Amino acid sequence: MTARQSVRNMCIAMAASSILAACGSRDPQAPEQTPPAPVAYNAVTLPPVVYGHYQGRQMSESDDACGVPDPLRQAVQDQLKARYEVVLPVPGTGREAAPLLKIEIMDIVTVSAGGPTIVAIHAVLERPGMPAAQFKGLRQMHTRASDITAETTECSSMDAVIYGLGADVAKWMLEPVDGVSLVNGE
């Protein structure tokens, strides 16, 4: 072995040890754990709106002269589409990570044309890995006497009440704090 080869081998050995040291193969350190980033949901699962219990009694369609569940669900869905790309109708394959928003109608009051129109709801948002958040909303409206016509029915104000509740749910979903109650949006 010549002096030249000896120097060359020594340079190769030094270079290899420098590379190994830089790569951490001699004294490996555990990679630094970063906390998981908060999950940003772009979808929410919104099953059909159901009748809940009011003062110990199960509500049903017979308590609802105006057919509130489907229009209420549509109003909530329309309001949420401004924030979420997808509003899924029901959970299914690949949708388990999406938050689940369940809405129950707790009370409906429709007296007569010009009388009060009131809808109270209870919503529960279930998010994976987080505690459930609950929301209560109530909207009411009276038709002014000057606005009553022959076509005015007990359900004439219901569209405005339902749309308002949809807006209330969407407002709460921006920051779903547990236990929030809104009456007429406030």
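The values are calculated or read from the model by the stated rules, or taken from the named source; none is laboratory data. What you see is a predicted model; the values in this text were computed from it and never measured. FYI the Cβ positions are ideal-geometry reconstructions off the backbone, even for glycines, and counts take in every protein chain you see.
Considering P128, P89, P69, the condition of being at pLDDT below 90, within 14 Å of P47 (Cα to Cα) and of a type outside the set (A, V, I, L, M, F, W, C) is satisfied by P89 alone.
Checking V161, V180 one by one, the residue that is modelled with pLDDT of 75 or more, crowded, with 18+ Cβ neighbours inside 10 Å and among the hydrophobic types (A, V, I, L, M, F, W, C) is V161 and no other. State whether one or more residues within the stretch 134-153 are under 25 Å from T45 (Cβ atoms) and aliphatic (A, V, I, L, M). Yes, the conditions are met somewhere in the stretch 134-153.
Looking across A150, A123, A167, one residue alone is outside any strand (DSSP E or B) and modelled with pLDDT of 90 or more. It is A167. If you go through the stretch 27-63 and keep only what is under 26 Å from the mean Cα position of the chain (by Cα), at pLDDT 85 or above and exposed (fewer than 15 other Cβ atoms within 10 Å of the Cβ), you end up with P47, P48, V50, H53, Q58, S60. One residue stands out among those in the stretch 123-136 that are out of contact with any His (no Cβ under 9 Å at 6 or more places or on another chain) and surrounded by fewer than 18 Cβ atoms within 10 Å (Cβ to Cβ): the one that is nearest to S60 (Cα to Cα), which is V124. Taking the stretch 55-66 as the range and being out of contact with any Phe, Trp or Tyr (no Cβ under 6 Å at 6 or more places or on another chain) and either in contact (Cβ under 8 Å) with a residue 60 or more places away in the chain or of a type in the set (A, V, I, L, M) (or both) as the test, the residues that pass are A65, C66.
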